[in-house]
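First comes the structure, then the notes that go with it.
We did not get these values from a lab; they are worked out from the coordinates using the rules stated. Since the structure is predicted, the reported quantities are computational estimates derived from the model, not experimental observations. In this analysis, Cβ positions are derived from the backbone assuming ideal geometry, glycine residues included, and neighbour counts consider all displayed protein chains.
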Amino acid sequence: MARAAPLVGALLVAGSLLAGAPTAAAFVAAAASAGDGRTGATNAKDALREAAKDVQLLVLKKTCDEICQANVVSSLEAAGCDEVRLFPALKLASAHCAPAAVAASAEGRSGGWNPRRLSGVQSASADAVVPALPPLTPATSAESTAVAPGETIKASRFWGLDRVNQRNLPLDGVTFPSCFPRRGAGVTVYILDSGLKVDHAQFGDRASVFAAPGSPYPDGSDENGHGSHVAGTVGGATAGVAPESTLVGIRVANAGGFIRARDAWAAIHYVAAVKERDPKAKIILNASFGSDSEDFSPVTDAANRAAEAGVVFVAAAGNEPVNACRNHPARAEGAITVAAVNLRDRLAYFSARGRQCVAVSAPGVGVLSVDSNTSAGLRLDSGTSMAAPHVAGLAALVLAEDPNGGSLGQMEVLERLTRAAPRLSPVKCLLLQTALPG
């Protein structure tokens, strides 16, 4: 028989109810110029855009079964398209449809060829490459210090870990609650990002990485640093919320932080396919990337399909103080979209916001996590990219303690993260609570 555990006090603040306020740490914006100053980054961006040229991304109808999907493939090939790929777990497809080839196959056909007219296709759009990762704040010597797992670090440096396990301020110095004895063990968190430095001391032997299937990257090496920092907050030995979770990085971004929509599709599909093969698997996907470009909207479609497939999908709200519903995949109905707050529980000045699309907020200012330029060092950074992995880590704690955690859907996880929320004027604070064996 299970009994309710003591309230753990993992504080998440409803960003939609808070007013913005200045923060102690500066955030470097202008993601659009992320490639500037990085050797080869511009060329790499151009290569991505060349690869995406004339590629169509097709969202298939949910009723499109295997026969329907095969017919879509045949129709695309008959139209002169090549490089046709199916993402069956999400019911998506992509194809390179050169204008000349398509025009030749559509000769004499009224209105020409349009992929949206294919039977089984719900929508179609052009593939795109967008700046989807904000640049990391340059570290100073004080912000990048070699720290080995187990070494004592001043608790205040990990204020985010401290904040997500207590009800009220001030911080009490406890960075991990005793009521989650499994510490995330048995849960796999997929980090879709710039890659992962798997040999960093924070990860031990719990991390692996690879490039998104079909992407141009030879491996999952992190040439940007963003993905490693995010993964450290999810499950680093001392920097992570769920330090026993398994971390799998899937590289979707180049060194400059640019992401091709089809590469994001491929990575999301990989995770959904794992869940499809093993419905009981405890799986979380963290997407600390996004764009307000409608060209990136297919990624929102993929996020929704992944959530429907049982993947717990956590997304960063975005790093401009606008409605998060403008951003992809933050606007996905199936995502747990996370805004950023500072040490005073105030919404970070850079954070996207809005009651409709932001589910919760978490620490995202001055977050100490993995420095990929070192073998054991940590560094500070700020952004909703840093807030989202706090929530992914909390979700891992919840799934780990529940024997049936793999069957929990998106809304059930969110409900557990926000159960029994006390009210602290003038904001509503969301309190994590879970049922543990008695």
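Between Val55, Val121, Ala78, the Cα set farthest toward the positive side of the dipole of the range 49-129 (charges on each charged residue's Cβ, about the Cα centre) is that of Val121. Listed from fewest to most Cβ neighbours within 10 Å, the set Asp205, Asp301 follows the order Asp205, Asp301. Under the simplified labelling scheme, the Asp199-Met411 pair shows an inter-label distance of 4.7 nm, with each label point 7 Å from Cα along Cα→Cβ. What the Cβ-Cβ distance of Ala376 and Ala47 gives, at R0 = 35 Å and to the nearest 0.05, is a FRET efficiency of 0.55.
At a threshold of 8 angstrom on Cα-Cα distance, excluding pairs fewer than six apart, so keeping six or more, what relative contact order does the range 49-129 reach in percent? Computed over the range 49-129, the figure is 46 percent. Of the cross-linked pairs Lys197/Lys275; Lys53/Lys280; Lys45/Lys197; Lys61/Lys197; Lys53/Lys275; Lys62/Lys282, those separated by over 28 Å at the C-alpha level are Lys53/Lys280; Lys61/Lys197; Lys53/Lys275. Take the Cα of Ile67, step 7 Å toward its Cβ, do the same at Asp219, and the gap between the two points is 4.6 nm. What translational diffusion coefficient, to the nearest whole µm²/s, does the range 49-129 have by Stokes-Einstein, given a Kirkwood radius computed over alpha-carbon pairs, a temperature of 20 °C and 1.002 mPa s viscosity? The calculation lands on 169 µm²/s. Between Ala273 and Ala126, what's the calculated FRET efficiency when r is the beta-carbon distance and R0 is 30 Å? Round to 0.05. FRET efficiency, Ala273 to Ala126: 0.75. Here the range 49-129 is treated with +1 on each Lys and Arg Cβ and -1 on each Asp and Glu Cβ, and its dipole about the Cα centre works out to around 340 debye.
Kindly state, to the nearest 0.05, the FRET efficiency for Ser208 paired with Ala100, given R0 = 45 Å and r defined as their beta-carbon distance. It would help to have the intermediate numbers written out before the result.
Values: r = 42 Å, r/R0 = 0.94.
Approximately 0.60, to the nearest 0.05.
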